[in-house]
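One structure is given here, and the rest of the page talks about it.
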Amino acid sequence: MTIKAIIFDVDGTMADTEDAHRQSFNKAFAESKLDWNWDVALYDKLLKVTGGKERIKYFIESFLPGFTKPSDFLGEVLVPSGYEAFVKNLHAVKTTHYTAMMRAGGVPLRPGIKQLISDAHKAGITLAIATTTTPENVGALLEVGLGKDWINYFSSVGCGDIVPLKKPAPDIYNWVLDEIKLPAADCIALEDSNNGLRSSLAAGLKTYITTNHYTRNQDFTGAAAVFEDLSNLPAFYKTSGLKLPQ
Ligand code: XBP
Ligand code: MG
């Protein structure tokens, strides 16, 4: 197999961002006068659900039995201040805190990621991104990690709500494959989580895993290989068959 494209997950793969997400959620809760606090142990459970808005709902519906949801309707009329709007606004506040943390250089790229992107780009391999998080979050992270022209490395950047279903559904990977006009058989994916792996496998992608403190005990059945990280790039190139200058 000659690898023609590498599709990168973002959170937990390109950078260890989940704790920054967790802290940003907590800042949004405080700013919104909600006495909610997601510690690491709780967040570990909440990561079962991908997508920040979906995760807030999962928290409310599974951990806050007494919470009175703002009603979406006044009689028959859909009201803008309802539950959907409440979650959407809370998530928007969270995103402002997250992007500020990223722009402050809060989270570096994981070992080997920058070199892999540079080597692959030089070798003419198509690079793309398939993530659950928002485009603003991706931009804020990669502007610092790869520079303001980071977008020039990627032929497609598939994010968040651009597709109907989030990981573990294959939608975001299928969307990216359509954009780069390559069959899954000519591409590989880089992921960090069980939800991500199920999504990329369902899209027919050979997938390599780099674990992190939230995912290292997850099930990676079906992965082509599992690495702690990409600090040993030659080993990753050898295992994946990527023919890249080192
Ligand atoms: C992981 C996710 C994201 C983040 C939070 O994304 O599930 O939802 O946890 O980001 P990835 P948002 O696919 O890159 O691993 O709040 O922006 O959704
Ligand atoms: Mg991830």
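Values quoted throughout were computed directly from the atomic coordinates according to the rules given, and no laboratory measurement underlies them. What you see is a predicted model, and the numbers here were worked out from it, not measured in a lab. Neighbour counts run over all protein chains shown; Cβ positions are idealised from the backbone, glycine included.
Which of the helices (runs of 4 or more DSSP H) contained wholly in the stretch 1-93 include at least 2 residues that are under 30 Å from I151 (Cα atoms)?
18-31, 52-63
Being among the acidic types (D, E) and buried (at least 22 other Cβ atoms within 10 Å of the Cβ) is a description that does not apply to D219.
Only one of the numbered conditions (1) free of Cβ contacts under 8 Å to residues at least 12 places away in the same chain; (2) closer than 13 Å to L197 by Cβ; (3) of a type in the set (A, V, I, L, M) is not met by A235, and that is (2).
Considering only residues that are away from ligand 1 (no atom under 11 Å from the Cβ) and in a helix (DSSP H, G or I), look in the stretch 152-172 and name the one that is farthest from F220 (Cα to Cα).
Looking at the filtered set, the residue picked out is N152.
Here is the figure for the stretch 203-230: residues that are under 17 Å from the mean Cα position of the chain (by Cα) and within 18 Å of A185 (Cβ to Cβ) total 4. Among the residues of the stretch 167-193, the ones that are under 13 Å from the mean Cα position of the chain (by Cα) and crowded, with 21+ Cβ neighbours inside 10 Å come to 8 in all.
Let's see how each residue does on (1) of a type in the set (A, V, I, L, M, F, W, C); (2) more than 18 Å from L177 (Cα to Cα); (3) surrounded by fewer than 21 Cβ atoms within 10 Å (Cβ to Cβ):
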residue	(1), (2), (3)
A104	yes, yes, yes
V107	yes, yes, no
G112	no, yes, yes
G158	no, no, no
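Out of the residues in the stretch 231-246 that are surrounded by fewer than 16 Cβ atoms within 10 Å (Cβ to Cβ) and closer than 24 Å to V107 by Cα, state the one that is farthest from the chain's Cα centre (by Cα). If we take residues in the stretch 231-246 being surrounded by fewer than 16 Cβ atoms within 10 Å (Cβ to Cβ) and closer than 24 Å to V107 by Cα, then N232 is farthest from the chain's Cα centre (by Cα).
Just a yes or no: is a residue in the stretch 173-181 on the phi < 0 side of the Ramachandran plot, of a type outside the set (K, R) and not in a helix (DSSP H, G or I)? No: zero hits. Could you say whether any residue in the stretch 86-96 is within 16 Å of ligand 2 (Cβ to nearest atom) and in contact (Cβ under 8 Å) with a residue 24 or more places away in the chain? The answer is no, given that none of the residues of the stretch 86-96 is within 16 Å of ligand 2 (Cβ to nearest atom) and in contact (Cβ under 8 Å) with a residue 24 or more places away in the chain.
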